[in-house]
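Structure record follows, encoded as structure tokens.
The values are calculated or read from the model by the stated rules, or taken from the named source; none is laboratory data. Predicted model only: the values in this text are computed from it and were never measured. Using ideal geometry, Cβ is built from the backbone for each residue, glycine included, and neighbour counts are taken over all protein chains shown.
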Amino acid sequence: MLYRLEEDRLVRVEGSPVLEEGNFYFCTMGFGELPSMSAALDINEKIAEECMRLGISKLDNHNGYDYMALNVPHENNLLKPSQRVCIYFRPNLLVMIYNHSKVIHNIIDALEKEGMPGITLPRILYTFFDQLTYDDTILLGHLEQEVSSLEEGLITSRKVDCIKEIVHLRKQLLTLKRYYEQLYDITSLIEEDPNNLLDPHTLKHFHRVSIRVDRLFHSVLNLRDYVTEVREAYQAQVDINLNQLMKLFTVITTICLPLTLIAGWYGMNFPMPEYTSSIGYPMVIALSVVIVVWVIAYFRKNNWF
């Protein structure tokens, strides 16, 4: 969809896309529409081909225009494939190519219905980047709460096996780390603005976005450290439980060892004096009970179990 900037709002351009000299245009389209629209919008063929290929987030400064590619994590599930957004920007045209982006839809709806005082192409670009990370502090807060609940469950023994939750959280944080790392690189390059596409006021706004992205990036690093601490605490608890189990087995083995010796002694196939005694068998039983009771009492006294 092609829009023309008029006063404080966007106006849809009906029919075939024709760019009139002296006007400024904002265009949104899906990747499937790009091959048929690129010629009409005078978008470089190589840029159009690059848009269709999957790749990392980046910004390339060309002669007279900028090309950006973003891989935005899915807002409802960070582990789903990222949503790709490509941006082509020159003095009179801003194009955003995507398959689905709630952020772009919200921006267009707001600009069509309510407008924006002093609307410009750089202002629209800034609004897009601003909205990308506007609510991310809330997202990180929810992740921090998940980690905190996991830690509390381990401390109170409400959770016995939490390795799946730990791995899931680490994957989500890794996705956010890569996203903010690449987004920070892009916003920093936008601030350099070698093609002079942005006015000084918008550059100041982009500097604020860069600071916010950098802060979010370090928050993700802190959360990763937090998850690592929880994982280490979980591993320590597993080791403690294993040691307790091995201790129990050792105590049982130690208690049974004298009985094994007695059984082996009287299991030998030759006559012994005790066999002819009427109290020999009861004495062996009594001796076994005394040994077991003494060993248990000794272990209890030393707090070995």
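Filtering region 32-53 to residues that are surrounded by 14 or more Cβ atoms within 10 Å (Cβ to Cβ) and either closer than 20 Å to Ile124 by Cβ or in contact with a helix residue (DSSP H, G or I) (Cβ under 6 Å, 6 or more places away or on another chain) (or both) leaves Leu34, Met37, Ser38, Leu41, Ile43, Ile47, Ala48, Cys51. Of all residues being surrounded by fewer than 16 Cβ atoms within 10 Å (Cβ to Cβ) and modelled with pLDDT under 90 in region 85-100, which is nearest to the chain's Cα centre (by Cα)? Just the residue, please. Looking at residues that are surrounded by fewer than 16 Cβ atoms within 10 Å (Cβ to Cβ) and modelled with pLDDT under 90, I get His100. Given the conditions (1) under 17 Å from Ile166 (Cβ atoms); (2) modelled with pLDDT of 80 or more, report the number of the one that Thr260 does not fulfil. It is condition (1) that Thr260 fails.
Per the listing Tyr226, Tyr234, the residue uniquely within 51 Å of the chain's Cα centre (by Cα), under 30 Å from His142 (Cβ atoms) and modelled with pLDDT of 80 or more is Tyr226. Summed over region 216-253, residues that are over 24 Å from Cys162 (Cβ atoms) and surrounded by 14 or more Cβ atoms within 10 Å (Cβ to Cβ) total 3.
Helices (runs of 4 or more DSSP H) fully within region 101-220 that include at least 2 residues being more than 25 Å from the chain's Cα centre (by Cα) and not assigned by TED's automatic domain parsing to the domain that holds Leu70: 121-132, 163-192.
Name every residue in region 230-279 that is touching a residue at least 40 places away in the same chain (Cβ under 8 Å) and closer than 30 Å to Lys171 by Cβ, in order of residue number. Scanning region 230-279 gives Val230, Arg231, Ala233, Tyr234, Gln237.
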